[in-house]
Amino acid sequence: YIGNSSMVIGIRVEAENIQTGACKHCTSSYFTMVAKDSTGKSLKVPGLILRSKDEIRRFAKSIKRYENKVKRKKEFNETDFIHEEYLHIQELDNVKIEQ
């Protein structure tokens, strides 16, 4: 994903068995990086050029991920969160709520 002054960078970590050469995926994560000048002011980042179906798919997926992040942030905002709506979670998981 790319915004005006930020971009999301995907990181994929793989481990290699040095005896067999077999590789396996360990974890993936996304980091938001913000472009800054020498004074700390945000800078505009250059736009993306998508050249393949895979790049288009990954960018479309990043838009959904960003939209979900905004939705989660709003839903679980400290001042607006309604805890009564989530008391049922103790029935679903290994959780006990004591108030």
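The values are calculated or read from the model by the stated rules, or taken from the named source; none is laboratory data. Keep in mind it's a predicted model, so treat the numbers as computed, not measured. FYI the Cβ positions are ideal-geometry reconstructions off the backbone, even for glycines, and counts take in every protein chain you see. Just the protein is used for accessible areas: all its heavy atoms, side chains included, with ligands, DNA and RNA removed. Shrake-Rupley method; radii C 1.70, N 1.55, O 1.52, S 1.80 Å.
Only one item in (1) 17.8; (2) 14.7; (3) 15.6 matches Kirkwood radius over Cα pairs in Å derived from the coordinates shown, and that item is (1). Straight-line cross-link partners of K24 among the aspartates and glutamates, defined as a Cα under 16 Å from its Cα and at least 8 positions apart when in the same chain: E14, E16. Annotation: amide H-H contacts under 5 Å for S5 (H modelled 1.01 Å from N, sequence separation of 5 or more, or interchain): V45. Working note: Karplus 6.51/-1.76/1.60 with θ = phi - 60° gives the range 24-29 the couplings 9, 6, 9, 6, 9, 7 Hz, where Gly and Pro are set to x.
V13 exposes around 60 Å² of accessible area when a 1.4 Å probe is run over every protein chain in place.
Within straight-line reach of K71, meaning a Cα separation under 17 Å, sit the following aspartates and glutamates at least 8 residues removed in sequence or on another chain: D80, E85.
Within straight cross-link reach of K36, meaning Cα distance under 21 Å, which lysines are found once same-chain residues fewer than 8 apart are removed? Result set, ordered by chain and number: K44. Across the chain, the mean sequence separation of Cα contacts (distance under 8 Å, 6 or more residues apart), normalised by length, yields a relative contact order of 21 percent. What's the longest piece of the chain with no exposed GluC sites (Glu not before Pro), counting a site as exposed if DSSP puts it in a loop and it has at most 14 other beta carbons within 10 Å? Of all site-free stretches, the longest is 1-77. Applied to the range 80-90, the Karplus parametrisation 6.51 cos²θ - 1.76 cosθ + 1.60 on θ = phi - 60° returns per-residue 3J(HN,Hα) values of 9, 5, 10, 5, 4, 6, 10, 5, 5, 4, 5 Hz, with x for Gly and Pro. When each of the peptides 44-52, 4-12 is scored by the mean number of other C-beta atoms lying within 10 Å of its residues, the order from highest to lowest reads 4-12, 44-52. Using the rule -39500 (n - 2.57) for each DSSP H run of four or more residues, divided by the residues of the chain, the 222 nm mean residue ellipticity is -8500 deg cm²/dmol. Of the chymotrypsin sites (Phe, Trp or Tyr not before Pro) found in the range 44-99, those in coil by DSSP whose Cβ has at most 12 other Cβ atoms within 10 Å are F76, F81.
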